[in-house]
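The values are calculated or read from the model by the stated rules, or taken from the named source; none is laboratory data. Everything quoted here is computed from the prediction, not taken from an experiment. Glycine gets a Cβ as well: all are built from the backbone with ideal geometry, and neighbour counts include every protein chain shown. Side chains included, ligands, DNA and RNA excluded: accessible areas come from the protein's heavy atoms. Shrake-Rupley method; radii C 1.70, N 1.55, O 1.52, S 1.80 Å.
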Amino acid sequence: MQNKFSRYLRYAFYSFPVQLLIVHVKKHLFVLLFWMILFMSVLQLFGASYGIPLLFLDPEYLGNVNFLSFLIVGFTMGGFFMAWNMSFYVLNSYRFEFLASLVNPFVQFCLNNSLIPLTFTVIYIIQLVKFQHAEALLPAGKIVLNVFALLAGNLLMVIFTSLFFVFFNHNVETFLGKLTDKAKESLVGKRIKLDKLQVNNNDHTQWRVDTFLRFPFNISFVRKVDFYDRKLVDRVLFQHHRNALLFQFLAIIGLIAFGKLMDIRFFRLPASSAIFLTFSIFVVFFSFASYWFRTWRTMVLIAFFIVLNILTQYDLVVYKHRLYGLDYASKKIEYNNEAVNNAVNKNMVNADIAATQKILDNWHRNVLNKYGETKPKLILINTAGGGLKATYWTFHLLQELEKQTNKKLFDHTVLMTGASGGMIGAAYFRELYLRSKTHEKVNYLDTVYLEDAGKDLLNGMATSIATNDIFYPWQTFNYKGFSYKKDRAYMFDKKLNENTNYTMDKLMSAYKKPEQSAMIPMMIVGATIINDQRFLFFSPQSVSYLIKPYIKNSKGYVDDMSTDAVEFNRFFKDKGARNLNFIDALRTNATYPYIMPAVYLPTNPEIKAMDAGIRENSGLAVSTRFYSVFKEWIDANTSGVIFITLRVDNKLREFDVNEKQTYLSELLSPVGSIFNNFILLQDYNSDVSLAYLENSSSTDINVLNFNYDQTKKRKKASMSWHLTNDEKRDIKSAFAQENNQLMLQKLKSLLK
C-alpha cells in the first residue's frame with residue numbers, strides 16, 4: 001500500500017503540470033512578477049488606493065460596466081494567457097522532447113501549463129462575485145452574466161489561438177508524412193543504437209516527466225521519443241517555435257495597427273484589458289530576447305539599456321512630449337537663473353498689479369450693484385489634486401455651495417487656484433457658469449454636468465499606452481501649423497473634451513476679457529518645473545507679481561528675492577505661448593508622474609513640467625501670495641477674505657498604532673516618510689503663511705476646509721482617472737459629513 005502511494009506521489013511530482021511550474025520558478029522568476037501583480041490586484045492587495053483592483057472588478061467600456069465590457073476583458077485576459085503559453089513553449093519545449101510525438105503538441109502544452117492561469121481565473125471570479133454582490137449591489141442574474149462574459153471572452157481567445165497551432169503545427173508522424181522519401185532518409189535513421197540511447201538518456205537539458213494531461217482531460221504516460229532521430233525531433237520543435245514566434249510577431253503588428261484606431265471611442269478598451277495587453281507585450285519581448293540570446297540575454301538587455309540611455313542624450317530613439325502650440329523647431333530659449341530673474345522687473349510688476357486692481361474694482365462694482373454691499377467678503381477658492389475623485393468632489397461641492405448660498409459663492413469669488421483633478425472640476429464649473437452668464441441655455445447647477453465631470457478618463461489613456469506609447473508614438477496631428485505626436489496625453493485631452501462636450505476646447509486667451517470684466521473669477525493654472533521646483537503659471541492675465549515674493553512697503557519690488565516661478569505667457573512669448581489651448585494647460589497641471597508624460601519645453605537646457613501638486617497641492621501657496629500683493633486694496637474695499645479649500649485627503653494623517661515595523665520597512669522608512677508626507681509638509685507651510693497674513697491684516701480672514709473624509713471608518717474612493725458608480729455615490733454623500741456642514745453654515749453666515 002505504501003509503495004503504491006509513493007508511486008502515485010512520484011507520478012504527481014513528475015507530472016508535466018508540476019514540472020512546468022518548477023521550470024517557471026527556477027528559470028523564469030522575473031516573468032512570474034506579472035502574475036504576482038495580477039493576483040495581488042484582484043485580491044485588492046496592490047494599488048488599492050489608486051483604484052487598480054477596480055479596473056478588474058468593475059471594468060468600464062463606453063461608459064458602462066456590462067456584458068460587453070467583461071467580454072473584452074476576458075478576451076484580452078485570454079490573450080495574456082496565450083502569450084505566456086507561447087513564450088514558454090518557445091523557451092522550454094526543448095526540455096520536453098516528448099511533445100514532438102503528441103497530436104496538437106501546443107494545445108497539450110497549454111493544458112498542462114494551466115495551473116497558474118486556472119488558479120488566477122478562479123480567484124478572479126471569486127473576487128468578482130464578492131465585489132459585485134457586496135459593493136456594486138448587482139442582482140445574482142447580472143453577476144452570473146458578467147462572469148459568463150469573462151469566461152466566454154477568455155475561451156474565444158484561447159480557441160482562436162489554439163486553432164492556429166492545430167492547423168500549422170505537426171507532430172513527428174504528421175511531419176514525416178509530408179516529407180519526400182529522400183528527405184526522410186536524410187532525417188530518419190533506424191532505431192537508435194544502445195550507446196546513442198544512453199547518450200540521450202544522459203542529456204541534462206531534458207526534465208524528467210512521467211505523466212501528462214492529454215486533451216481534453218485524460219492522464220497519460222509519457223511516450224519515449226528515443227527511437228526518432230534527434231535531428232527529426234529538433235526539426236519538428238523548430239517548426240513549432242517558428243510558428244509561435246510568427247504568431248507573436250503578427251500579434252504585435254496587429255496591436256500597433258490597432259493603436260491607429262484609438263481616436264474612435266469604440267476601440268478604447270477597458271483599462272484592465274490594456275494592462276493584460278501590456279503584460280502580454282512584455283512577456284513576448286522577454287521570450288524573444290531569451291530565445292535569440294539564451295544565457296546571454298541578461299547581458300544583452302543590460303547592454304541594450306546602456307546604449308539606449310546614451311542615445312537619449314542626443315534626442316535619438318526617445319520620445320519627448322511637447323506642449324501643443326509651441327514652436328520646437330527654431331532656436332531654443334536659454335533657461336538659467338539669470339534668464340529667469342531677467343524675465344521680471346519692477347515696471348512690469350507695477351503694471352500687472354495696476355491691471356489686476358482694475359479687475360478687483362470691476363468685481364467690487366459688480367457685487368455692489370447686485371447686492372448693495374459696499375464692503376463684501378472676497379473669496380479665494382483653492383482646490384486640491386487627487387485624480388478624478390478630486391474633479392468629481394470639487395465640481396459637486398461648487399454646485400452644492402452655489403445652491404446653498406443662493407448663488408452668492410461665485411459672485412464673491414475673485415480667484416481660483418489648485419492642482420490636478422481639482423482644477424479640472426473647478427475649470428469646468430467656471431466654464432458652465434460663464435456660459436450661463438452669456439445667455440446660453442445652460443443650467444450650471446444641473447446634475448447632468450456632474451455626471452459629465454465624473455466620466456472615465458483612464459480607459460483611453462490605457463489603450464494608448466498598450467497600443468501606442470509602449471512602442472513609440474508614430475501617429476501625428478497638426479495644431480497651429482506644427483506637427484505633434486499622438487500619445488496618452490493627446491488621448492487625455494481628447495477624452496476630457498468629449499466628456500465635457502468640448503466646452504473648454506478654446507485658447508487660454510479666450511478667458512482674458514471675461515476675467516477682466518470680473519464676469520468670472522480669475523484662474524491661475526500652475527505646474528511644477530521639476531528641474532528646479534519652480535512654479536510654471538498659466539493665466540490669460542499678466543501675473544508677474546506672483547513669480548517672486550513681493551514685499552508691499554516703501555521698498556516695493558525687491559530685486560534680490562528668489563524668483564521661484566515662471567510666467568508662461570511672457571517667458572514663451574516668442575515660442576507661440578498665445579497658441580496654448582486651455583485643455584493643455586489643465587492637463588499639464590494634472591501630469592501625474594508616469595500616468596502621463598512629462599511636458600518638455602523648448603529651452604536650453606531642456607526643462608520638464610509636471611503636476612502642480614509636486615510643488616503645492618492645495619493652491620494655498622498661490623492664493624496667499626495673491627492676497628499678500630493686494631492686501632492694502634482688500635483691507636480698504638472688503639470686510640474680509642474667505643479662503644475656501646476643497647480637499648480629498650485628510651489634512652492630518654493618523655498614525656497606525658498597530659503597524660509593526662520590519663527590518664525592510666525600517667531600512668526604507670526615511671525615503672518612505674518623505675514621499676508619504678510631502679503633502680503634509682505643504683500643509684504645514686500653508687498654515688504658517690496663513691498665520692502670517694492674519695497677523696498682518698486689518699481685515700477678517702477665514703479658512704474653510706471642505707474635506708472628503710477618508711478615515712479608515714469609511715470606504716474611500718481611489719486616486720485614479722476612473723471612478724465606479726459606488727465611489728461616486730460615496731463622494732456625493734461626503735458633503736453631509738458633520739465637518740462639511742459646519743463649514744457650510746459658517747460660509748452662509750459670512751455671506752449674509
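Any residue at all in segment 375-382 that is in contact with a Pro (Cβ under 8 Å, 6 or more places away or on another chain) and part of a helix (DSSP H, G or I)? No: segment 375-382 contains no residue that is in contact with a Pro (Cβ under 8 Å, 6 or more places away or on another chain) and part of a helix (DSSP H, G or I). Filtering segment 79-130 to residues that are among the aromatic types (F, W, Y) and open to solvent by 10 Å² or more (accessible area, probe 1.4 Å) leaves F81, Y94, F98.
When I465 is tested against (1) open to solvent by 10 Å² or more (accessible area, probe 1.4 Å); (2) modelled with pLDDT of 95 or more; (3) aliphatic (A, V, I, L, M), only condition (2) is not met. Remark: pairs (first residue in segment 339-362, basic (K, R); second residue open to solvent by 50 Å² or more (accessible area, probe 1.4 Å) and in a helix (DSSP H, G or I); Cβ separation under 8 Å; 6+ apart in sequence or on different chains) = K358/Q516. Quick one: S6 ticks every box in (1) within 30 Å of H722 (Cα to Cα); (2) without any contact (Cβ under 8 Å) to a residue 12 or more places away in the chain except a single one, so which number is it? Single failed check for S6: (1).
Yes or no, residue by residue, for (1) open to solvent by 30 Å² or more (accessible area, probe 1.4 Å); (2) more than 24 Å from G576 (Cα to Cα); (3) in contact (Cβ under 8 Å) with a residue 24 or more places away in the chain; (4) not small (G, A, S):
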site: G422; (1), (2), (3), (4): no, yes, yes, no
site: G425; (1), (2), (3), (4): no, yes, yes, no
site: K480; (1), (2), (3), (4): yes, no, yes, yes
site: D487; (1), (2), (3), (4): no, no, yes, yes
site: T503; (1), (2), (3), (4): no, no, yes, yes
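Quick check on L316: is it under 30 Å from P473 (Cα atoms), part of a loop (DSSP other than H, G, I, E, B) and modelled with pLDDT under 90? Yes, satisfied. Among the residues of segment 63-71, at least one is open to solvent by less than 20 Å² (accessible area, probe 1.4 Å) and farther than 30 Å from V222 by Cβ. Would a scan of segment 686-696 turn up a residue that is surrounded by 12 or more Cβ atoms within 10 Å (Cβ to Cβ), modelled with pLDDT under 90 and among the hydrophobic types (A, V, I, L, M, F, W, C)? Checked against the condition, which is being surrounded by 12 or more Cβ atoms within 10 Å (Cβ to Cβ), modelled with pLDDT under 90 and among the hydrophobic types (A, V, I, L, M, F, W, C), segment 686-696 yields at least one hit. K555 meets the conditions (1) modelled with pLDDT under 90; (2) not polar (S, T, N, Q); (3) not in a loop (DSSP other than H, G, I, E, B) in every case but one. The failed one is (3). Scanning segment 527-551 for residues that are over 27 Å from K513 (Cα atoms) and open to solvent by less than 10 Å² (accessible area, probe 1.4 Å) returns a single hit, I529.
Residues in segment 728-743 that are touching a Phe, Trp or Tyr at 6+ places or on another chain (Cβ under 8 Å) and of a type in the set (A, V, I, L, M): I731, A734, M743. Evaluation of T413 against the conditions (1) touching a Ser or Thr at 6+ places or on another chain (Cβ under 8 Å); (2) hydroxyl-bearing (S, T, Y); (3) open to solvent by less than 10 Å² (accessible area, probe 1.4 Å) shows that the sole unmet condition is (1). Scan segment 496-509 and give yes if some residue there is of a type outside the set (D, E, K, R), farther than 30 Å from F282 by Cβ and in a strand (DSSP E or B), otherwise no. Looking through segment 496-509, at least one residue is of a type outside the set (D, E, K, R), farther than 30 Å from F282 by Cβ and in a strand (DSSP E or B). Kindly check whether there is at least one residue in segment 344-358 that is within 39 Å of the chain's Cα centre (by Cα) and either open to solvent by 70 Å² or more (accessible area, probe 1.4 Å) or on the phi > 0 side of the Ramachandran plot (or both). No: zero hits.
Failed condition for N443, given (1) open to solvent by 30 Å² or more (accessible area, probe 1.4 Å); (2) at pLDDT below 90; (3) not in a helix (DSSP H, G or I), with all others met? Among (1) open to solvent by 30 Å² or more (accessible area, probe 1.4 Å); (2) at pLDDT below 90; (3) not in a helix (DSSP H, G or I), the lone unmet condition for N443 is (2). Does segment 448-463 include one or more residues that are closer than 26 Å to Q745 by Cα and either among the polar types (S, T, N, Q) or not in a helix (DSSP H, G or I) (or both)? Taking every residue of segment 448-463 in turn, none turns out to be closer than 26 Å to Q745 by Cα and either among the polar types (S, T, N, Q) or not in a helix (DSSP H, G or I) (or both).
The set of residues from segment 613-646 being among the small types (G, A, S), surrounded by fewer than 23 Cβ atoms within 10 Å (Cβ to Cβ) and either in a strand (DSSP E or B) or modelled with pLDDT of 90 or more (or both) comprises A636, S639, G640. Within segment 517-532, the set of residues being closer than 11 Å to I607 by Cβ and not in a strand (DSSP E or B) comprises I530, N531, D532. The residue of segment 701-720 that is surrounded by the most Cβ atoms within 10 Å (Cβ to Cβ), among those that are among the hydrophobic types (A, V, I, L, M, F, W, C) and modelled with pLDDT under 85, is A717. Whenever a residue of segment 729-748 is at negative phi, its partners that are in a helix (DSSP H, G or I) and acidic (D, E), lying with C-beta atoms within less than 7 angstrom and at least six residues away or across chains, give the pairs F735/E400.
Within segment 528-545, residues that are of a type in the set (K, R) sit with their Cβ atoms under 6 Å from residues that are at pLDDT below 95 and not in a loop (DSSP other than H, G, I, E, B), at 6+ positions apart or across chains, in these pairs: R534/A565; R534/V566.
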